Every structure is written in C-alpha cells, then in structure tokens.
Amino acid sequence: MIILADVALLSSCAHSLRPGSTAAHTVSRASEVAGLPDTPAAVALRDWLRIYNLGLPDSARVFAARAYSPTELADRPADVIARGHQLWRMNYGQMRVVRVDSSTPVAIEATVHEAVTEAYGKVFVEVDSTPPHGITGVWLIPFVEPPANAPRVRRSTDLSLAGALGRYTDALGKQEVLSGAVLVARRGVPVFARAFGPATRDPFTPNTLDTRFELASLSKLFTAVAIAQLVERGRLTFETPISTVLSDYPNPEVARRITVEQLLTHTSGLPDFYQNGKFRQFEDSLRTLNDFWAMFANDTLWSKPGARYDYSNSNYIVLGSIVERLSGLPFEEYVARNIFAPAGMTRTCYCEVRVDHRATPYSRYTAGFGPTRRPAPDRWIEVPRGARRPGAPAGGGISTVGDVGRFATALLEHRLLSAATTARVLSPRVPMDDGGKRAYGFEVYEWSGTPFLGHGGNYWGTMTQLDIYPDDGVVVVVLSNNDASGGEAVRNWTRRTLTNR
C-alpha cells in the first residue's frame, strides 16, 4: 500500500550559512533544479528543495512561517512543519528533481531521487491561486518505480545480489533508519537473511532472525487464503453476499448488496473504521469481531458496491466474521490450524504482548494516526502496548521472516490451496492508485516486464512486506519494528534489483 506522507515544506535563509562554507556549496549543488517551469508552484518547489536539502531546523521554521498560507499554518504551526521536515530529511536525505511529471500554475508533481535511500519518489506541491501564493500542501510518495532512464545494475547471481543487499542494508543501519529482519529466498532456499537494530532499546537486546515482529496488514493475506479455503470446501462462493452468512449484520440492505469478492478486493464501499474517527471511541470495548461492526456497518458507503477501489480495514473484519461463522472456530484458531500448521509456521501466532522474542515497536511520531500525531525527530518513542493492533483479520499477529517465507512457499507449492484456486486468488482484478492491481488480498505489480505480488503493513512503529516473484521462485520478506524509511527502502531496492532484467 502506498501512503501519501505529509511533508513539511521548509525554506532556508541564505545568510544562515557563512558564504563560501562547505555546507553552502553542498546545498547549492544538491538544490539545482533544471527544467522547472516559471510558475508559482514551481517556484515554491524550488525554494522548498533548497531549504529541505539544507537541513537546518531553524531555517525551516522561519521559512514555514513565511511561505505557508495562513490557513495551513492555522492547522499546523511552523514549528510542527519544521519538525516534520527534519524527520523526513533524516529518513530520505537530500533530494533532486529528475523529471517534472505535471504542472499547472498552482500545482506541480515531480519525480525526485533520494540520497539516503537511493530511491525515487514523487513530490506534490500546491499553492494559493492568488498572490503571494502561499503553500497549501506538500506531499510525498516516497518510493515509486524508477524512471525508464534511471541507472540499472543487474545482479546476475544470487551471491552478487546478497553482497549488494548487505552493503545497502548496512548503510541504512548506520543512518538509524533500519531496524528489523530481511529474508530473500529462492525456491525455499535463503539467499540473504540478516537482522538489524534493537528488538528493545532499554534494556538493549538485538533483533535476530528468530525475533517475532508485528505483522500489521500483511496478515490480511491469511484472511484471504482462509476465505478461499472455505470456498474450496463448498461453504460459500466468491459471489456470496454478506447477508447469506451473517444474517445478524446490523445493516441488512447493505449486506445483501456486498459480495465476498468485493470485500477481498476493497470494492465494497464500506468505510474504514480507522479513518472515520470511531476507533478511539470503541477500542476499549472490542472483544469480538462483531464488536467492530458498530464502527462502520451503519455508516454511509464510500461508493456503490463494486464501483471503485477504496482500501478499507472494515472489509477484512467482515471477512473474519464470515470465517468464524462458517468454521465454528475463533478466527485465530482457524488460521492456526489451517494455515500456520500446514505451512510449518511454528513461530507465528496471535499472541499476548509478553510472548518471548517479540520485538518492541518504536516510532518518531507521537501517535499512530489522528490529531495527536506529531513528529518527534529527536527521540524514539516506544509504542504503548495498548496501542498495538489486536490480533484480527484486518491486521494483527506476530511472526518471523522465516515463517512468512514459509507461508509464501506453501502457497506457491499449493499446500494451502489447489492450483486452480491459487491462480484465482492471485489474479489481478481491480486497478489501484499506484499502478498495481488488487487480487484477492494480494497486490499485483509489474516493473520492467517482471510481475510480482504480495502485501505489506504500516502502523505506528511497524512496517512489513511480503513480495513474491512467481516466475523466479523468489520470496522477499521485510519485517521492521520501527516506522522509519529503512524497511520500505529495502522493499524498493529489492524490487528495482529483481525486476532489472
């Protein structure tokens, strides 16, 4: 899932650096922008790049107070914008524009190259339509497919791939943006397997390949496979409406219109309970999956069922309820018996927080989402135990990189589903905003003619990703116990490398 991360747009004061200093020369080279049009939005982008690349919080704060629109500053004070800019700079490093993708007088979209991650992203800048054209927003998609003319190096052997990935992850570790574990395997045999950073910071214990990490939304794949297993057993079809299985669903009219396939592909129109502001209201009373229904079942649909793609965690809560109703088992028990056991995933569970070898999530944000979320670039914040996502079909559970790799291998070897059902589950169906397509649970992409598929998870202090390259039998697993850029950077690096034919 691609997340639009709000970026603090900051500008420098040229006099804050001594003329002729090394830093001034470095920033000058980094902030050169060739080919930008002469528009208010492009001027804002040019100024922002200069200040962003400078990396001085005081200059950033002064610029934010001067360059942002009054409306934006009323929502986010200059100090908050400056701290957000500092955190973004720590994660991605200096940036340079490599291509202008679209431009109007009040908005510009540009592809940029990031120094720390060595990746490509997209920056969006918008300004007021009237002078002085105050900045109304700057956003980033931090990792995108490289431009066609980007330098490409083919790793011809697994040994060369492992060596290059080792050097890359070491560099990210030194920047303190990578903490977790990474696995690359070909046909079940590890090519690269290493752990990085602390599992806990106080007292310090290192992450290892045996460390268990929060899975977040990666575990939606278990839910999708569980539903497909029940379809194979004749308990329902992908076209079955919610009402056929959940007769007590609070909104019968909607339940008759939404099918299992629409839930799997996020085309049901059900609003996301994390985005409608109700989760904080209900979280202390959540004991069963049915308890989640009150947060979204009677809300207005985002769209007509089947009309469009809108990622919503609510879809997978309903799917989990269907698994429980048809199997007669708690969701967690069904998955343990029918997915974890046959795949050999002995280190995966929906467990209590205090289970052994469990990494603690850390963040440089004060909250996972909502109005209290603020950047904290000067410290790591331990995510409170009560804020970690509960074991649920929409995202939960803990696992190791080895176990997630075993899940992928079991799926490819048809030990979880038949060949025909596996093919249907993995078939791309619904276009997504980032150029990929949604299958049943899985996200499917094609870079440089190479297909790959999987799913990731992002939450407060957690980043996870499973990518499967079916043509080559390659599986990539990234599990991170912080929400800095390192985990996504590794995901992007392996995608660039493995699709470079």
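General remarks:
- Candidate set from region 422-434 (those that are assigned to a helix (DSSP H, G or I) and of a type outside the set (Ser, Thr, Tyr)); member that is nearest to the chain's Cα centre (by Cα): Leu426
- The residue that is surrounded by the most Cβ atoms within 10 Å (Cβ to Cβ), among those in region 70-102 that are among the polar types (S, T, N, Q) and closer than 22 Å to Pro37 by Cα, is Gln94.
- Residue that is surrounded by the fewest Cβ atoms within 10 Å (Cβ to Cβ) [pool: residues in region 465-501 that are among the charged types (D, E, K, R) and part of a helix (DSSP H, G or I)]: Arg496
- Scope region 294-337; condition out of contact with any Gly (no Cβ under 6 Å at 6 or more places or on another chain), closer than 20 Å to Ala439 by Cβ, of a type outside the set (A, V, I, L, M) and surrounded by fewer than 22 Cβ atoms within 10 Å (Cβ to Cβ); matching residues: Gly306, Arg308, Tyr309, Asp310, Tyr311
- Any hit, region 139-161, residues being part of a strand (DSSP E or B) and either among the aliphatic types (A, V, I, L, M) or buried (at least 20 other Cβ atoms within 10 Å of the Cβ) (or both): yes
- Set Thr494, Thr422, Thr400, Thr464: member being over 18 Å from Phe196 (Cβ atoms) and polar (S, T, N, Q): Thr422
- Among the residues of region 54-69, the ones that are in a helix (DSSP H, G or I) and buried (at least 23 other Cβ atoms within 10 Å of the Cβ) come to 5 in all.
- Pairs where the first residue, in region 213-226, is assigned to a strand (DSSP E or B) and the second is of a type in the set (Lys, Arg) and crowded, with 24+ Cβ neighbours inside 10 Å, C-beta under 6 Å, 6+ apart: none
- Matching residues in region 292-335 - criterion: being without any contact (Cβ under 8 Å) to a residue 12 or more places away in the chain and farther than 16 Å from Gly395 by Cα: Gly328, Leu329
- For region 332-351, the set of residues classified as over 24 Å from the mean Cα position of the chain (by Cα) and under 27 Å from Ser179 (Cα atoms) consists of Ala343, Gly344, Thr346, listed by residue number.
- Helices (runs of 4 or more DSSP H) (entirely within region 243-303) containing at least 2 residues that are more than 27 Å from the chain's Cα centre (by Cα): 252-257
- Hits in region 424-438 - residues which are hydrophobic (A, V, I, L, M, F, W, C), touching a Leu at 6+ places or on another chain (Cβ under 9 Å) and more than 15 Å from Ala226 (Cβ to Cβ): Leu426
- Residue match in region 304-322 (condition: more than 24 Å from the chain's Cα centre (by Cα) and under 30 Å from Thr409 (Cβ atoms)): yes
- Criterion violated by Pro377 - all others in (1) crowded, with 17+ Cβ neighbours inside 10 Å; (2) at pLDDT 95 or above satisfied: (2)
- Selection of region 249-272 for residues being touching a residue at least 24 places away in the same chain (Cβ under 8 Å) and either surrounded by fewer than 17 Cβ atoms within 10 Å (Cβ to Cβ) or farther than 24 Å from Tyr334 by Cα (or both) yields Pro250, Asn251, Val254, Arg257, Thr267, Ser268, Gly269, Leu270, Pro271, Asp272.
- Condition check for Ala439: in contact with a Ser or Thr (Cβ under 6 Å, 6 or more places away or on another chain), aliphatic (A, V, I, L, M) and crowded, with 20+ Cβ neighbours inside 10 Å: yes
- Count of region 435-464 residues which are of a type in the set (S, T, N, Q), over 29 Å from Ala359 (Cβ atoms) and either touching a strand residue (DSSP E or B) at 6+ places or on another chain (Cβ under 8 Å) or assigned to a strand (DSSP E or B) (or both): 1
The values are calculated or read from the model by the stated rules, or taken from the named source; none is laboratory data. Here the structure is a predicted model, which is why all the values come from computation and not from measurement. Every residue, glycine as well, gets a Cβ built from its backbone with ideal geometry; the counts of neighbours run over all protein chains shown.
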